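One structure is given here, and the rest of the page talks about it.
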Amino acid sequence: MSLVVFESLKPIHCAQCRQGPLRHLVREVGVPRCLDCADLGHLVYLPRGDAALSRRAREASSLSAVVVRFNKRRRRYERQGILVEEPALARAERACLADAEARARRRERDRLRRAAEDTRFTAAFAAAILRLFPGCPAERAREIAAHASVRGSGRVGRTAAGRALDGPAVSVAVRAAVRHVDTEYDALLMAGVQRFAARARLAPQIDAILDAWRTPPPPPVACAALSEAEAAVEQHPAQ
């Protein structure tokens, strides 16, 4: 089990030595203590961002701790970095320098693979949109799919249902796109209208667009027949 150290943005002082304000602290029985009082003062902070360096430093350190900070918007603790012994960090840095080129090549291969996967998934998502909404313009379907399926965005296209191309998830993505692009929803939010009130006000307009998109476009048979008739008239003009 990992030791947990909290990163605080508030002016908190150690309950034992009164040192502060503390950036990193440990809570023991609900009481804040500085790293020195918690016997962690000899550790150095390594911020997140380099997974290989963090992994190697933690493996080489006989004592380590995870640093977390509370995200109010998401209402959860998120990892900010780790605390490790300084000699362990130095060994990890030397190891990372030794194979930096190989890891760079591997990252590039992974980047290209993910890009190809994202392209295929976006195309599949656009096809799913057109199956549910055959009247939706093809270019618009591609735009909606590209927005909904951005990797790491947390949007509906990246949920489990979205990746499975479930009909309800695809419909949610289309409805959201219509709400933002084809209505004054964003303007209402900027004017101070509450989100749910704005959605309720615009629901009939959004439903009308979606209902129209559920109807397949008419086949171009009539246009083709008209073109053939015009061509015949040009070849055999009336005497």
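The values are calculated or read from the model by the stated rules, or taken from the named source; none is laboratory data. What you see is a predicted model, and the numbers here were worked out from it, not measured in a lab. Methodologically, a virtual Cβ is constructed for each residue, glycine included, from the backbone with ideal geometry; neighbour enumeration extends over all protein chains shown.
Remarks
- Condition met for GLU93 (of a type in the set (D, E, K, R) and either in contact with a Lys or Arg (Cβ under 7 Å, 6 or more places away or on another chain) or under 30 Å from HIS42 (Cα atoms) (or both)): yes
- Filter result for VAL31 (in contact with an Asp or Glu (Cβ under 6 Å, 6 or more places away or on another chain) and aliphatic (A, V, I, L, M)): no
- Within the stretch 4-26, tally of residues that are free of Cβ contacts under 8 Å to residues at least 40 places away in the same chain and either farther than 13 Å from ARG69 by Cα or hydrophobic (A, V, I, L, M, F, W, C) (or both): 14
Table: residues versus (1) among the polar types (S, T, N, Q); (2) under 23 Å from SER54 (Cα atoms); (3) modelled with pLDDT of 95 or more; (4) within 15 Å of the chain's Cα centre (by Cα).
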residue: ARG76; (1), (2), (3), (4): no, yes, no, no
residue: LEU83; (1), (2), (3), (4): no, yes, yes, no
residue: ALA90; (1), (2), (3), (4): no, yes, yes, no
residue: ALA141; (1), (2), (3), (4): no, no, yes, no
residue: VAL150; (1), (2), (3), (4): no, no, no, yes
residue: ARG158; (1), (2), (3), (4): no, no, no, yes
residue: ALA164; (1), (2), (3), (4): no, no, no, no
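- ARG48 being in contact with a Ser or Thr (Cβ under 6 Å, 6 or more places away or on another chain) and under 20 Å from LEU89 (Cβ atoms): no
- Enumerated helices (runs of 4 or more DSSP H) restricted to the stretch 155-202, each holding at least 2 residues that are under 27 Å from ARG131 (Cα atoms) and in the same structural domain as PHE121 (by TED's automatic domain parsing): 160-163, 167-181
- Residue-level check: of (1) farther than 22 Å from ALA127 by Cβ; (2) surrounded by 18 or more Cβ atoms within 10 Å (Cβ to Cβ); (3) under 23 Å from the mean Cα position of the chain (by Cα), VAL170 misses just (1).
- Residue within the stretch 65-79 that is small (Gly, Ala, Ser), without any contact (Cβ under 8 Å) to a residue 60 or more places away in the chain and more than 30 Å from ILE144 (Cβ to Cβ) present: no
Residue by residue, here is whether (1) of a type in the set (Gly, Ala, Ser); (2) more than 30 Å from ARG151 (Cα to Cα); (3) at pLDDT 95 or above holds:
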{"position": "MET1", "(1), (2), (3)": "no, yes, no"}
{"position": "CYS17", "(1), (2), (3)": "no, yes, no"}
{"position": "VAL29", "(1), (2), (3)": "no, yes, no"}
{"position": "TYR45", "(1), (2), (3)": "no, no, yes"}
{"position": "ASP99", "(1), (2), (3)": "no, no, no"}
{"position": "ARG103", "(1), (2), (3)": "no, no, no"}
{"position": "ARG106", "(1), (2), (3)": "no, no, no"}
